[in-house]
Amino acid sequence: MWGSDYPHPEGSWPGTEDSRVEALRGVSEADIAAILGGNAARFYRLDVEKLAPVVARIGPEPRRFV
């Protein structure tokens, strides 16, 4: 497992939203979900269903990445 701070907002402020969308342009929603946490959840065997209420409460919303 390799980790990074990608996408890290400080380096792209004030264009953070645009930078994130551009970086992920053309990537499928399934791959975006994997990149932004799904791979780590699977690797660490996290209970995604149990975490779903937290994700729903604090985000991020998937629509902000496409």
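For this structure, a couple of remarks:
- Within the stretch 7-25, tally of residues that are within 15 Å of the chain's Cα centre (by Cα) and free of Cβ contacts under 8 Å to residues at least 24 places away in the same chain: 9
- Within the stretch 10-30, considering residues that are polar (S, T, N, Q) and outside any loop (DSSP other than H, G, I, E, B), the one farthest from Phe65 (Cα to Cα): Ser12
Rundown of residues vs (1) in a loop (DSSP other than H, G, I, E, B); (2) in contact with a Phe, Trp or Tyr (Cβ under 9 Å, 6 or more places away or on another chain); (3) surrounded by fewer than 11 Cβ atoms within 10 Å (Cβ to Cβ); (4) not small (Gly, Ala, Ser), yes/no style:
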residue	(1), (2), (3), (4)
Ser4	yes, no, yes, no
Arg42	no, no, no, yes
Ala52	no, no, yes, no
Pro60	yes, no, no, yes
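Values quoted throughout were computed directly from the atomic coordinates according to the rules given, and no laboratory measurement underlies them. This one's a predicted model, so the numbers in the text were calculated from it and none came from an experiment. Here the Cβ is made from the backbone with ideal geometry for all residues, glycine too, and neighbour counts use every protein chain on show.
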